[in-house]
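Student: Please read through the structure below; I'll follow up with questions.
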Amino acid sequence: MFEARLVQSAILKKVLDAIKDLLTEATFECSDSGIQVQAMDNAHVSLVSLNLRSDGFDKYRCDRNLSMGMSIASMTKILRCAGAEDTVTLRAVDNPENIMFIFESPNKEKLAEYEMKLINMDQEHLGIIKTKETSYSCVVKMPSQEFSRICRDLSQFGESITFACSKEGIKFSASGDFGQATVKLAQTADADKEEEAVLVTMQEPVKLTFSCRYLNCFVKAGPLCAQVQLSMSNDVPLVCEYKIGDIGHIRYYLAPKIDD
Amino acid sequence: APKQRRIREFFVKW
């Protein structure tokens, strides 16, 4: 028996919004410690790693480990049926063929149950990739809205954005047929609010170029967290991390572009 | 234009 309950179904809606442009289907690995998803996008350029800890749920029970293949589009359709204030419960039996989504209104007067068929994910099985816990040359924390804005604005200029980080701050630049764009963010000396701060931790400067298409998918996680953390080292994938309240995080790994 | 690398080069041993 697997059962996981979240008082705020809105969190799950936001998580789906954060992955639905990158993944068509994914395996949800459920265990005692929580729910984990790791999947590469179809082009194998980026990796999504979602972690929801069992202690972050309002109720959590997982008698035996389960791997449930789910269509992200179908899940999105079902989550659309949840009211903004509804509680959501995910429920499955051992060896499930289906998963139940149960939505309950705050006054408990409405109870809706949706059943979704699981997918047999028999293609290349990734297992859980040991993503390296390396120390990165630069780690930048900045407002997620600002990051979304910069990615959107600079995408108008070209297909990729160059991130150059030094101890002064981070510089984003893009260039294309009609011109070029640069946005520099200085480290904030003393931001009034923590969520508005720009913080740079630097061992050595980095300069990396990334595809706008993927960055613009990652920023869909913006509503999950006021701050985004970008971890960078030269010639290794960017890690773009959004915390999901007290329950977990979503990390996107993106391979840098290289000159031909 | 710079070439897009694949994440599997970094993480997955096939």
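No value in this document is a laboratory result; all are computed from the given coordinates. Here the structure is a predicted model, which is why all the values come from computation and not from measurement. For neighbour counting, all protein chains shown are included, and Cβ atoms are generated from backbone atoms with ideal geometry for every residue, glycine included.
Student: Taking the Cβ of residue A:166 as the center, what net charge do the other residues with Cβ under 12 Å away carry, scoring Lys and Arg +1 and Asp and Glu -1?
Tutor: Working: positive: A:167, A:171, A:184, A:207; negative: A:168, A:204.
Local charge sum for residue A:166: +2.
Student: Would chain A count as rounded, prolate or oblate if I go by the C-alpha gyration tensor, calling it rounded below 1.5 in a/c and otherwise prolate when a/b exceeds b/c, oblate otherwise? List each step's numbers first, then the result.
Tutor: Values: a/c = 2.07, a/b = 1.76, b/c = 1.17.
Prolate.
Student: Considering only C-alpha atoms, what is the centroid distance from segment A:63-109 to segment A:154-176, in Å?
Tutor: Answer, in whole Å: 40.
Student: Divide by every residue of chain A the summed helix terms, -39500 (n - 2.57) for each DSSP H run of at least 4, and state the resulting mean residue ellipticity at 222 nm, rounded to the nearest 500 deg cm²/dmol. Spell out each step's value before the answer.
Tutor: Values: 4 runs with 39 residues, N = 260.
The helix contribution divided over chain A gives -4500 deg cm²/dmol.
Student: For labels at residue A:188 and residue A:65 in the simple 7 Å Cα→Cβ model, what's the distance in nm?
Tutor: For the pair residue A:188/residue A:65, the computed spacing is 4.2 nm.
Student: Sticking with this structure for a sec: Using Cβ contacts closer than 10 Å as the measure, can you line up A:161, A:19, A:102 from fewest to most? Don't jump to the answer; show the numbers that get you there.
Tutor: Details: A:161 25, A:19 22, A:102 18.
Least crowded to most crowded, the residues run A:102, A:19, A:161.
Student: Also: I need the shape label for segment A:134-260. Rule: rounded when a/c is under 1.5, else prolate if a/b > b/c, else oblate, with a, b, c from the alpha carbon gyration tensor. Can you show the working numbers first?
Tutor: Details: a/c = 1.36, a/b = 1.31, b/c = 1.03.
It is rounded, given that a/c, with a ≥ b ≥ c, falls under 1.5.
Student: Roughly how many debye, to the nearest 20, is the charge dipole of chain A about its Cα centre, given +1 on each Lys and Arg Cβ, -1 on each Asp and Glu Cβ, and no other charges?
Tutor: On the way: 29 positive and 37 negative charges, 44 e Å.
Computed about the Cα centre, the dipole is about 200 debye.
Student: In addition: At a Cα cut-off below 20 Å, give the lysines reachable from residue B:3, other chains included and same-chain residues fewer than 8 away excluded.
Tutor: A:207, A:257
Student: Could you tell me which of A:83, A:253, A:49 has its Cα farthest along the dipole of the protein assembly as shown towards the positive end, charges placed at Cβ (Lys, Arg +1; Asp, Glu -1), taken about the Cα centre?
Tutor: About the Cα centre, the residue reaching furthest to the positive side is A:253.
Student: Let me ask you something else. Using a basic spin-label model with each label point 7 Å from the Cα along Cα→Cβ, how many nm lie between residue A:156 and residue B:1?
Tutor: According to this spin-label approximation, the distance is 1.9 nm.
Student: Then there is this: Between residue A:196 and residue A:216, what is the spin-label point distance in nm, taking each point 7 Å from the Cα along the Cα→C-beta axis?
Tutor: In this crude label model, residue A:196 to residue A:216 measures out at 2.9 nm.
Student: If r is the Cβ-Cβ distance from residue A:1 to residue A:24 and R0 is 25 Å, what FRET efficiency results, to the nearest 0.05?
Tutor: Working: r = 28 Å, r/R0 = 1.13.
Efficiency, rounded to the nearest 0.05: 0.30.
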